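Take a look at the structure set out below.
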Amino acid sequence: MTAYWRTWVKAAAVAAAVVATPAGLAAQNTDLPPAGFGSLRQDQVAVMITTANLAVRVLPLDEHVIRLLAPDTYSSLHALVQSRSSALAAAARTAGRDSAAAFFVTFFGLQPQSTFIPDQVTVQSQGVFYRPLAIIPLSPQWNDARLDQRQQASAIYLFDPVIPVLQTFTVFYGNQYAANFDNSINLLQSERARALARAAQQSPQPTPPR
């Protein structure tokens, strides 16, 4: 793993102490395996956009995504979800929604004094563009909107709950975009089957009749 990816994974783990998806935020439509049986890394399922000065990482915080991550990662992100649940639910209500789709967005500075524009992150799903309903900053430097090289800033973005994160969507930052979540969907589907199989192997077996 490169130094850049180690830095991103470490940053995501730290952010897990303060970021969250409310219990009422949009959970998409499929059966969930029990917690603790996933094995994926965050960088396998997150979407990345790279510009000349920035890298932007976008990770859906839907339980159907994060539960398929490795156990320690899932636990930290799930704790995230719980720790900010009230604030995020309030932000969704302020935006006129009963629920919202939550994404963990991190900007990384690739050059000194890199400027980022938070509201330039948008999602296209099923031919419709969605702007964030609310942005919940997590990093002290977020309001500066400026990063030094290797510095990062994170926030929770709330989008319209109609976005189905288990279907194809495209993330935009300004006029740059990434649609590689298609690959993540296939990976998540395969991992879900593996996680269910792992859970079944550890389930108590019925006692045979005598």
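Starting from the Cα gyration tensor of segment 86-135, multiply each eigenvalue by 5, take the square root, and state the resulting semi-axes largest first in whole Å.
Each semi-axis is the square root of five times an eigenvalue, giving 25, 15, 9 Å.
If the viscosity is 1.567 mPa s and the temperature 4 °C, what translational diffusion coefficient in µm²/s does Stokes-Einstein give for segment 81-186 when Rh comes from Kirkwood over Cα pairs? Intermediate results must be reported in sequence, preceding the final value.
Values: Rh = 14.7 Å.
Once the numbers are plugged in, D ends up at 88 µm²/s.
Taking +1 at the Cβ of each Lys and Arg and -1 at the Cβ of each Asp and Glu, which of Ile135, Tyr177, Ala200 sits farthest along the dipole of segment 126-210 towards its positive end, judged by Cα position relative to the Cα centre?
Result: Ala200.
Could you work out, for segment 20-150, what percent of all Cα-Cα pairs fall into each 5 Å distance bin, beginning at 0 Å and stopping at the bin that holds the largest distance?
2, 10, 17, 21, 21, 17, 10, 3, 1
Which is farthest toward the positive dipole end of segment 65-210 among Ala95, Ser190, Thr168, measuring Cα position about the Cα centre, with Cβ charges +1 (Lys, Arg) and -1 (Asp, Glu)?
Ser190
For segment 140-185, treating each Cα as an identical point scatterer without solvent, what Debye log10 I(q)/I(0) comes out at q = 0.24, 0.28 1/Å?
-1.02, -1.07
Return, ordered by residue number, the residues of segment 36-56 whose backbone nitrogen is under 19 Å from a label point located 7 Å along Cα→Cβ of Arg198.
Flagged as within label range: 36-46.
Suppose a student asked you for the relative contact order of segment 64-209, using Cα pairs under 8 Å spaced at least 6 residues apart; what percent would you report?
Working: 192 pairs, mean separation 34.7, N = 146.
Reported as a whole number, the value is 24 percent.
Any read-out appearing in this document is the output of simple, stated calculations on the displayed coordinates, not a laboratory observation. Quantities reported herein were computed from a predicted structural model and do not represent experimental measurements. Cβ coordinates were reconstructed from backbone atoms using ideal geometry, including for glycine residues, and neighbour counts include every protein chain displayed.
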